[in-house]
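Worksheet for the structure shown next.
The values are calculated or read from the model by the stated rules, or taken from the named source; none is laboratory data. All of these numbers come straight from a predicted model, not from anything done at the bench. Here the Cβ is made from the backbone with ideal geometry for all residues, glycine too, and neighbour counts use every protein chain on show. We work out accessible area using only protein heavy atoms, side chains counted, and drop any ligands, DNA or RNA first. Shrake-Rupley method; radii C 1.70, N 1.55, O 1.52, S 1.80 Å.
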There are 2 protein chains.
Amino acid sequence: MTVPPQADPDDGAVRSRTIPEASVARLALYLRVLGELAEQGAETVSSEELAGVTGVNPAKLRKDLSYIGSYGIRGVGYEVSSLLHQLERVLGLNHRQAVALVGVGNLGHALAGYTGFGGRGFPVTALFDVDPDLVGIHINGILVEHVDAIPSVCAARGVTIGMIATPGPAAQGVCDLLVESGVRCILNFAPVVLQVPDEVEVRKVDLAVELQVLAFHVARRHVAEHPQAVAGGNGHGRNGHGSAVRTFPLVDGASASEGRA
Amino acid sequence: MTVPPQADPDDGAVRSRTIPEASVARLALYLRVLGELAEQGAETVSSEELAGVTGVNPAKLRKDLSYIGSYGIRGVGYEVSSLLHQLERVLGLNHRQAVALVGVGNLGHALAGYTGFGGRGFPVTALFDVDPDLVGIHINGILVEHVDAIPSVCAARGVTIGMIATPGPAAQGVCDLLVESGVRCILNFAPVVLQVPDEVEVRKVDLAVELQVLAFHVARRHVAEHPQAVAGGNGHGRNGHGSAVRTFPLVDGASASEGRA
DNA sequence: AAGTGTGAAGTGCTTCACAGCA
DNA sequence: TGCTGTGAAGCACTTCACACTT
């Protein structure tokens, strides 16, 4: 098809396509790197350059970008500022997203003060906790309010994204409050699986799981350095990014017969 | 094949299989939930029960577990304590993993105090920073040392996992130091793509990307509620977990002709 | 000549459905 | 009978290769 690149009505004739979820996450990555390139004064980038910096396969990058339209110039590359603009639009960053953070304990406090958010279009707009010692204080100029106030405050401030950084046992209750308040997208740091209605999108950041996956790899490497009865063979390569889907030999202390079954 | 379940020599006759990376992450999740079930006194669980709590498809769960061996009992389910033990072994949690954390600023300070780590076999063993105001202080009883000391300290304490929570520009340098010190698994919170040798495993937790993906969904939902010229149709469902691979209609303000090309 | 956009092939994860064991 | 373990089918993402544009 190859549609002529055209100015975007921003919210005018809304059309719809389809983007693989995996691509959406990478688009966000491209956006950040493009921002850095723009600051350095770059005017265009090729898929190969951008792929190099982001650790993504160039073909995959081009395909990702093709999902949002044809904004590249053949023989040249992509115009940085233009692509930046398109990515921001697709990722919904032209509307400011008000973020509410529930749980300002250890981790939550750090998140509340994390400048990487507000600086990039995600102002933390409301803070909540149940601890009487925390309710009433200010963090980064934001008042910490009681969890009971979630419905009213979220509605009043138009919160669109909720972050949960409470202890595990409190998370589901908080989640229910957020959903009840109309929040449809939630970032969950608590170590529990939240139950939510279909229309609510939950993303989870699970530090314990991350470490355990790494521990698995430590064990795997340990075997790789002491190849005893190891069989499996995936001599891949790449430099730690790429996120090519892989499988890993498992250090197994039991069971037998390896072939399929 | 169906191998008779047998006691594990723990490190004896080491064998190797293959586990999809996606499964490894879920195994860690099962492990945590099983721990909770064990505390509640449960002796067995069926794949359906465990699947319900973890938000995973029962068949997928069984397949995940089958990768580590046949530890279930047909007609009954899985013995909680036994399965727990197997998961810990596979995930390398029977050897304690010493963790080093670099960057004890905003986020790093919270991570250093995060009890979810040490409690589950990941004692934070070393802290590093470059800020003279931080070097020398203690956090949770751990001395913050200068980044220059990474090689010696990591070697001395047998650090196997490194966490990077520095500002973006410092991350690559810190990463190089860790790798040089023999650390082969890194959890990166800095908003940069680390360049590492093939043998180093990097996992990235990117808060900005998480929020941007959610922002994308906010925009998507906005359209769903105002179905104007929307075309795409994925009337899926599920409750926010499941992690079934999906695609999403894109709110597009430009370009035309939708069919392929 | 250079680099994008993309059909088609490749690969791996997910889900189904059922044989088989307790 | 109930539930696990798994072959096979389904599906989505990744990668290749090249037509096409500038």
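Leaving out same-chain residues fewer than 8 places away, which lysines sit with a Cα under 21 Å from that of B:K204?
A:K60, A:K204
If DNA, RNA and ligands are ignored and the probe is 1.4 Å, what is the ranking of A:R32, A:R62, B:R96 by accessible area, most exposed first? It would help to have the intermediate numbers written out before the result.
On the way: A:R32 35, A:R62 115, B:R96 170 Å².
Accessible-area ranking of A:R32, A:R62, B:R96, largest first: B:R96, A:R62, A:R32.
Using a 1.4 Å probe and ignoring any ligands, DNA or RNA, find the accessible area of B:D133 and quote it in Å² to the nearest 10.
Rounded to the nearest 10, that gives 120 Å².
Could you quickly flag the chain A residue whose beta carbon comes closest to the rotation axis taking A to B, and that distance in whole angstrom?
Reported as residue, whole Å: A:A110, 2.
Roll a 1.4 Å probe over the protein heavy atoms and report the accessible area of A:L143 in Å², nearest 10.
Accessible surface of A:L143 is approximately 70 Å².
What is the sum of charges around B:G136, taking Lys and Arg as +1, Asp and Glu as -1, for the other residues whose C-beta is under 11 Å from the C-beta of B:G136? Kindly include the intermediate steps, with their values, before the conclusion.
Working: positive: none; negative: B:D129, B:D131, B:D133, B:E145.
Value of the local net charge: -4.
From the backbone phi of the range A:186-198, what are the Karplus-calculated ³J(HN,Hα) couplings (6.51 cos²θ - 1.76 cosθ + 1.60, θ = phi - 60°) in whole Hz, Gly and Pro given as x?
Using θ = phi - 60°, the values come out as 10, 10, 10, 9, 6, x, 9, 8, 7, 9, 9, x, 4 Hz.
How long is the gain from A:A38 to A:I137 if the chain were fully straight, where each residue apart is worth 0.36 nm and the alpha carbon distance is subtracted? Walk me through the intermediate numbers first.
Details: separation 99, 0.36 × 99 = 35.64 nm, distance 3.85 nm.
Roughly 31.8 nm would be gained on extension.
Summing +1 for each Lys or Arg and -1 for each Asp or Glu, what net charge is found among the other residues whose Cβ lies under 13 Å from the Cβ of A:F189?
-1
For A:A156 and B:T115, what is the calculated FRET efficiency with R₀ set at 35 Å and r taken between the beta-carbons, to the nearest 0.05?
Numbers: r = 34 Å, r/R0 = 0.98.
Plugging the Cβ-Cβ distance into 1/(1 + (r/R0)^6) gives 0.55.
Need one word for the range A:45-137: rounded, prolate or oblate. Basis is the Cα gyration tensor (sqrt eigenvalues a ≥ b ≥ c); a/c below 1.5 gives rounded, then a/b vs b/c decides.
Prolate.
Long-range amide H contacts for A:C185: which residues qualify at under 5 Å (H placed 1.01 Å from N, peptide plane, sequence gap of 5 or more or a different chain)?
HN-HN under 5 Å from A:C185: A:G162, A:E201.
Under a crude label model (7 Å from the Cα following the beta-carbon direction), how far is A:S70 from B:E180 in nanometres?
Distance between label points: 4.9 nm.
Please state, rounded to one decimal and in Å, the Kirkwood hydrodynamic radius that the range B:98-205 gives when every pair of distinct Cα atoms enters the mean of 1/r. Each step should come with its number before you reach the end.
Numbers: mean 1/r = 0.0746 Å⁻¹.
13.4 Å is the Kirkwood radius here.
Tell me the total accessible area that B and A bury against each other, 1.4 angstrom probe, in square angstrom rounded to 100.
Numbers: alone 16100 and 16050 Å², together 22300 Å².
Counting both chains, the buried surface is close to 9800 Å².
Would the range B:21-90 count as rounded, prolate or oblate if I go by the C-alpha gyration tensor, calling it rounded below 1.5 in a/c and otherwise prolate when a/b exceeds b/c, oblate otherwise? Please report the intermediate quantities before stating the final value.
Values: a/c = 1.24, a/b = 1.19, b/c = 1.05.
Rounded, because the longest to shortest axis ratio a/c is under 1.5.
Cut-off 15 Å, label point 7 angstrom out along Cα-to-Cβ of B:A149: give me the residues of the range B:74-110 whose amide nitrogen falls inside.
Counting only backbone N, you get B:100-104.
At a probe size of 1.4 Å, how large is the accessible area of A:K60, to the nearest 10 Å²?
60 Å²
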